[in-house]
Amino acid sequence: MSQQLTQTQKLAQIQKNPVAQQDIYQLRRGWRLQWEAIQGCHVILYPEGMVKLSPTAGAILEQLDGHQTIADIIAILQQRYPDADSLADDVLQFINEARDNGWLAVKEVHCGQ
Amino acid sequence: MVNEKNTVTHNGVNPSAEPTSPPLWLLAELTYRCPLQCAYCSNPLAFTRYQNELDTEAWFSVLRQARAMGAAQLGFSGGEPLIRKDLEVLVSEARQLGFYTNLLTSGVGLTTQRVDALAEAGLDHIQISLQAADPELAQALAGSAKAHANKLAMAKAVKAAGYPMVLNVVLHRHNIDQIGALIALCDELGADAVELANCQYYGWAFLNRQALMPTREQLIRAEAETNRWRETLAARGRDMSLLFVVPDYFEQAPKACMGGWGSIFMTVAPDGAVLPCHSARELPMAFPNVKETSLQDIWYQSDAFNRFRGTQWMPTLCQQCDERDKDHGGCRCQAYLLTGDMTATDPVCQHSPQHGLLENLIADNLQSTPDQAPLIPRNARQSKHLQSQDGSAISTHRQIPELIYRQ
């Protein structure tokens, strides 16, 4: 019964511009990132919901403060994990997903660049 | 906050081999008192039996214990939680402990001052429920003339205070044809998300099932209307998600109720009883109380919480099914209410030998008109009346549900 919802949602997502390195995001109001000692992971908390995050996802979301651009965040994480290959694609892909999940608010978006 | 004892994984008397994981969700039902009389209320029919409410200090203790065990999501519910004068103090304590705090309310008793006071206390989210799109039907369903206008005013105040706004509408036979008008109203109020959830038949909704159950045709029309609205909203670039939930009775596969019994969720009832879900009180079993036992012991050691963990308790049909670890055999309360056996496969499952019961109920419903089954309002008078009836309507409906349905 929910087939149509998924198609509509997918369509809406494709129509959105992909996240760009100059963009600035922050967590959406009412959404909260928190370290949970008992679970041993970061979680994102929102109205009546909760998602456990992987260490990488937690590390990226921790940097989304509404001031740093995606490029800044990539640079910070690259510095923190010097042995890793280029993190740019992974970070962009995750931010795209997080935005499509409705976790993020746009602070500043540079369209078409 | 977290002491060493709480970090130990207890295997206890859990009959399955899997270690029990910590709770993530606490539903704090602060009171069964409510100014409304919704005939689909999920509170127990005998709610007047449990009038000895936990006091503020006892709730503080519950919150601290649950948080130390790992719970992060907290719902304040009821009854109507706004009736509790200490709601703001409880929110404040919960927020300081690190809970994400949700208030689930009818909006009755809410004022702009209280919206601000709750925000000050750190409340993260308020969910207001609507009964209908117009005041007349809302009054007929909830038994209050003023409630509807107040809800709309408070929905606006909640939005203005900057909370994420989730509106909840319980759908049933009497209001489901208004779905377009309901979505339009939520749009106008600026909702971020709308839950259009058909009521499930527990508690008072089970008692009123015949009057509440929509026809299949009504459901199909309502879902199509919801899909049209999704397209309209998307075309306007309006970000308001619509969640449409059909009654379990119309499904072919059972839900993974509460993510599994005693897996992530616990409810603390107004009198301190601890339940694996807010409907479980109607099962023929005893539940522990925070007045006597710690939450830690209740969650990891109690017979009640271990009763339906794992797969050992399941009927053979479920034990041999590939879905057993996904749907956990479905909902125990639904199995009990429909079959009288709480260990049965949930009849919602198409493989259940009792699945035909639901198909018959849906077919029978087509033959009746809404006015043939008056709604019994959820109030203290009716609750006492049901308990005092000879042979008790409450135990009758448990054992032979068809009898109530066919009255």
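The values are calculated or read from the model by the stated rules, or taken from the named source; none is laboratory data. Only a predicted model underlies this, so the values are computations on that prediction, with no experimental measurement involved. Using ideal geometry, Cβ is built from the backbone for each residue, glycine included, and neighbour counts are taken over all protein chains shown.
The residue that is surrounded by the most Cβ atoms within 10 Å (Cβ to Cβ), counting only those in region B:245-259 that are within 15 Å of the chain's Cα centre (by Cα) and of a type outside the set (Lys, Arg), is B:257. Tallying residues that are under 17 Å from residue B:336 (Cα atoms), at pLDDT 90 or above and not polar (S, T, N, Q) within region B:352-407 yields 6. In this structure, residue B:121 does not satisfy being crowded, with 22+ Cβ neighbours inside 10 Å, over 23 Å from residue B:43 (Cβ atoms) and modelled with pLDDT of 95 or more.
Out of B:106, B:129, which single residue is within 14 Å of chain A (Cβ to nearest Cβ), hydroxyl-bearing (Ser, Thr, Tyr) and touching a helix residue (DSSP H, G or I) at 6+ places or on another chain (Cβ under 9 Å)? When all the criteria are applied, what remains is B:129.
Against the list (1) touching a Leu at 6+ places or on another chain (Cβ under 8 Å); (2) part of a loop (DSSP other than H, G, I, E, B), the condition residue B:253 fails is (1). Evaluate region B:107-119: report whether one residue or more is touching a residue at least 12 places away in the same chain (Cβ under 8 Å) and of a type in the set (Asp, Glu). Checking region B:107-119: at least one residue is touching a residue at least 12 places away in the same chain (Cβ under 8 Å) and of a type in the set (Asp, Glu).
Okay, residues lined up against (1) surrounded by fewer than 22 Cβ atoms within 10 Å (Cβ to Cβ); (2) small (Gly, Ala, Ser); (3) on the phi > 0 side of the Ramachandran plot:
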| residue | (1), (2), (3) |
| --- | --- |
| B:66 | no, yes, no |
| B:71 | no, yes, no |
| B:76 | no, no, no |
| B:82 | no, no, no |
| B:86 | yes, no, no |
| B:89 | yes, no, no |
| B:101 | no, no, no |
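With respect to the conditions (1) surrounded by 22 or more Cβ atoms within 10 Å (Cβ to Cβ); (2) over 17 Å from the mean Cα position of the chain (by Cα); (3) of a type in the set (S, T, N, Q), residue B:56 falls short on a single one, namely (1). With B:208, B:175, B:168 as the choices, which residue is under 30 Å from residue B:365 (Cα atoms) and either among the small types (Gly, Ala, Ser) or within 14 Å of chain A (Cβ to nearest Cβ) (or both)? Of the residues listed, the single one that is under 30 Å from residue B:365 (Cα atoms) and either among the small types (Gly, Ala, Ser) or within 14 Å of chain A (Cβ to nearest Cβ) (or both) is B:168. Counting residues in region A:40-60 that are at the interface with chain B (Cβ under 7 Å from one of its Cβ atoms) and among the small types (Gly, Ala, Ser) gives zero.
Listed by position, the helices (runs of 4 or more DSSP H) inside region B:319-393 whose residues that are in contact (Cβ under 8 Å) with a residue 60 or more places away in the chain and closer than 24 Å to residue B:211 by Cα number at least 3 are B:332-339, B:355-367, B:380-388.
The set of residues in region B:223-244 being within 22 Å of the chain's Cα centre (by Cα) and buried (at least 16 other Cβ atoms within 10 Å of the Cβ) consists of B:223, B:242, B:244. Read through the list (1) within 11 Å of another protein chain (Cβ to nearest Cβ); (2) on the phi > 0 side of the Ramachandran plot; (3) small (Gly, Ala, Ser), then give the number of the only condition that residue B:260 fails. With respect to (1) within 11 Å of another protein chain (Cβ to nearest Cβ); (2) on the phi > 0 side of the Ramachandran plot; (3) small (Gly, Ala, Ser), residue B:260 is out only on (1).
Considering (1) within 27 Å of residue B:104 (Cβ to Cβ); (2) under 14 Å from the mean Cα position of the chain (by Cα), the lone condition that residue A:38 does not fulfil carries the number (2). One residue alone among B:293, B:267, B:311 is among the hydroxyl-bearing types (Ser, Thr, Tyr) and outside any loop (DSSP other than H, G, I, E, B), and that residue is B:267.
Looking across region B:260-283, the residues that are over 13 Å from the mean Cα position of the chain (by Cα) and small (Gly, Ala, Ser) come down to B:260, B:262, B:263, B:272, B:273. The single condition among (1) among the aromatic types (Phe, Trp, Tyr); (2) touching a Phe, Trp or Tyr at 6+ places or on another chain (Cβ under 8 Å); (3) closer than 20 Å to residue B:251 by Cα that residue B:204 does not satisfy is (3).
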